[in-house]
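Every number here is computed from the coordinates shown, using simple stated rules; none is lab data. Quantities reported herein were computed from a predicted structural model and do not represent experimental measurements. Neighbour counts run over all protein chains shown; Cβ positions are idealised from the backbone, glycine included.
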Amino acid sequence: MIISNQVLLITGASSGIGAALARKLAAQFSGIRLVLAARNQQKLEAVAAECLKTGADVLVVATDMSQVEQVKTLAHLAVEHFGRVDVLVNNAGYGQIGPIELMSPVDAKEQFAVNFHGPLVLIQALIPTMRNQGGGRIINISSIAGRLAFPMVGLYSTSKFALEALSDVLRMELEGFNIKVSIIEPGPVNTEFARVASQKMSLALPNIEKTPYRAAWQAIKDIEQRAASLAWSSEQVARVIVRAITANHPRPRYIASTGGRTLLFLMTKLMPLRLVDMFWKHFYGINLVEKDWRNRTD
């Protein structure tokens, strides 16, 4: 699909994958029109300035995706300014680390507000525009954690599972309107994701080392290092998103992870669930929690 002169709306565009995608689109496609959204106005303006240098037309809209009215305003301003939106990339999102038992209702509400409800509201607001203009594309940025449930990142996993289900439903409901829906599933990415998640956990659960989950908390601190060799750059993920945007017949899912396809096959098709559970419990240190608890109760 030729996307020069089309309008693309990218959330989470102030840094990481969203910023890399904006830069790549601006550099690669002449006459591209971009709507860049994120909470940080200053960072958005910096990304927009880079895109403007390559000839892109850019609209910046500071938006908190957890605020429904701001999300609706984003859709309204994009259509009001450019008259249409051809491609929506729901990229904004974040993760929380911690055992489900210790996560508060506020934590859960915030996780789903950004990772699921925000994208849902934005999609709902733009479907009529896409339908009336003859079609469009919706690209939802999920995660390998949206296909495989990981302990200690349960809220993040469940929010991405929900986004995957939403995408599957929309793919069927919107096909007749020529609106195509695809999911991008990154694995580890060299962004601020893990550091921010760890900081949030330290603030939200300052006494976790006094709980039965302390062994897993110690183990999870090493996961970023263990995953570093497999981590992709934001630019690598952006290239996969561009493939989904430009394909004449986009696939429902694009895996953006080294070994991701093999991992999903092993974990969902080949290995018994008991062994899958055992693997992830060891990876995230839950086996240490179990061992510690047995030692305390013996």
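Axis angle, to the nearest 10 degrees, between helix 41-53 and the longest C-alpha principal axis of the chain: 50 degrees.
By the beta-carbon count within 10 Å of each Cβ, the least crowded to most crowded order of Ser143, Ser104, fewest first, is Ser104, Ser143.
As a test of understanding, state the convex hull volume per residue of the chain from its alpha carbons, in Å³.
Dividing the Cα hull volume of the chain by its residue count gives 127 Å³.
Counting only alpha carbon atoms, the long axis of helix 154-174 and the longest principal axis of the chain meet at about 40°. Computed over the chain with a Gaussian network model linking Cα atoms closer than 10 Å, the most mobile of Leu273, Leu174, Leu36 is Leu273. Rounded to the nearest 500, the 222 nm mean residue ellipticity of the chain from helices alone is -15500 deg cm²/dmol, with -39,500 (n - 2.57) taken per DSSP H run of at least 4 residues.
The long axis of helix 193-204 is offset from the longest Cα principal axis of the chain by roughly 60 degrees. In this structure, the amide hydrogen of Gln6, modeled 1.01 Å from its nitrogen in the peptide plane, lies closer than 5 angstrom to those of Arg33, counting only residues at least 5 positions away or on a different chain. Amide H to amide H, with H built 1.01 Å from N, Ile255 comes under 5 Å of Glu185, counting only residues 5 or more places away or on other chains. Comparing Thr158, Thr262, Thr63 in a Gaussian network model of the chain where C-alpha atoms under 10 Å apart are linked, the largest mean-square fluctuation is found at Thr262. Evaluated over the chain, the count of Lys pairs having alpha-carbon atoms less than 24 Å apart is 26 (only pairs 8 or more residues apart or interchain). Between Asp277 and Asp57, the FRET efficiency from the beta-carbon distance, with R0 = 51 Å, is close to 0.55. For region 79-165, the equivalent ellipsoid built from the Cα gyration tensor has semi-axes of 30, 13, 9 Å, listed from largest to smallest. At an R0 of 51 angstrom, the distance between the Cβ atoms of Arg294 and Ser233 translates into a FRET efficiency of 0.75.
Its relative contact order, with pairs defined as Cα atoms under 8 Å and 6+ residues apart, puts the chain at 18 percent.
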